[in-house]
Each structure stands twice: as C-alpha cells, then as structure tokens.
1. Cut-off 19 Å, label point 7 angstrom out along Cα-to-Cβ of A108: give me the residues of region 80-94 whose amide nitrogen falls inside.
2. At a 1.4 Å probe, what is the % contribution of carbon and sulfur to the accessible area of region 17-133?
3. What are the ³J(HN,Hα) values, in whole Hz, obtained from phi via the Karplus relation 6.51 cos²θ - 1.76 cosθ + 1.60 with θ = phi - 60°, for each residue of region 86-98 in sequence order, with x given for Gly and Pro?
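The values are calculated or read from the model by the stated rules, or taken from the named source; none is laboratory data. Bear in mind the structure is a predicted one, so any value in this text is a computation, not a measurement. Positions of Cβ are generated from backbone atoms using ideal geometry, with glycine treated the same way; all protein chains shown enter the neighbour counts. For the accessible areas, the whole protein counts, side chains as well, though only heavy atoms, and no ligand, DNA or RNA atoms are used. Shrake-Rupley method; radii C 1.70, N 1.55, O 1.52, S 1.80 Å.
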Amino acid sequence: VSLGDIERRDFEAFLSVLYPEDFEKHDLSYEQWISVLHLSTRWDFVSLRKLALKSIEPPTPYDRLLLARTYSVDHWVLPALCALCERTEPISLNEARQMSIEDIVLVATVREDIREHTLRINTAEIPSRVKAVQAGKPTCAGSVNVSPTNPRIGVRRKCSLQQRPQLPPRVLQKRRK
C-alpha cells in the first residue's frame, strides 16, 4: 500500500496509538509523538490529536513554539515566546531560520526591552509585553523623563514607545558610530 508522502515511521507511530497493545500506556518517543500529532492533525483525528498534545513534552521553548505554529496549538504560543524572551542565550541562526520573521522580531523586541531595564523588570510582566508587541503596541517598563530642573535626575514611569522622548540627532549619531 502506497501512502504517498507519508513516511513509514510516521505511519507506524500513528498506528501504534490507534491500535495500542495497552490502551492506558503509550511508550512513544518525542519524535514519535510528533508523528502522531502530524498525522492526526492532517487526517482530522481529534481525539488522537488531543492525546498527542497531552503527551508531547517539547524539550525547549523553541521546540514548543515551532510545534505550536506548525500545528496551530494556540495555547502554547505565548508561554513559548515568553520563555524565549527570558532565556539567557540569544536566538541562534539555526533557530531563526525556522521561525517566522514576526516571532523573531517580537522576541528580539521584548529581549531588548528586558536588557535595557534589567534591574527594573518583573518577569511576570513578560507575557503582557509579548501580547503588546503582538498587538503592535509595545510598552516599556521604565523609560526616563529628565527633570527640567535637574537634568541628572531621571523620573521613571511606564510609557508606550510612542510616548518615549526622541533622542537628539547628535546622540543618535554617536550611537551609530
């Protein structure tokens, strides 16, 4: 029997869940569960898809994000993006090549905001920042307003990026050099 573009290993994993030796126990590897998720999504086997989603434990936030985007697992997207924003290592070139440009920019934007405000950020704020960037309304936790009476004293306040004071051209030129 020819299954077209279906790989044998994917089909075997799918069948092992569809016709298990023990209905209460599924000893599949992470890769096999991905195969089950792939075919159950493709063939619209809702209960097998739910089982696969319940059983898959992606090893990294990056893997979780790719699976979420590939198989439309919406409730995995925000936690995966937040974890990518919080982790210490940057997005690698190989990771970026497999991510959407929107997700790359979103993670970079939030990570940059976190880095600029390292001492003032609360990790509980990250999900709201991710949502704001997704909605096109990035926020910052602590931009500085310079006091008109004493330019060395900064007043911290929450603001949107649109409200952030513009830097003078001479400062921008120094930063570019």
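1. Only 81-94 pass the distance filter.
2. Here it works out to 54 percent.
3. 3J(HN,Hα) across region 86-98, in whole Hz: 7, 5, 6, 7, x, 5, 7, 4, 5, 5, 4, 5, 9.
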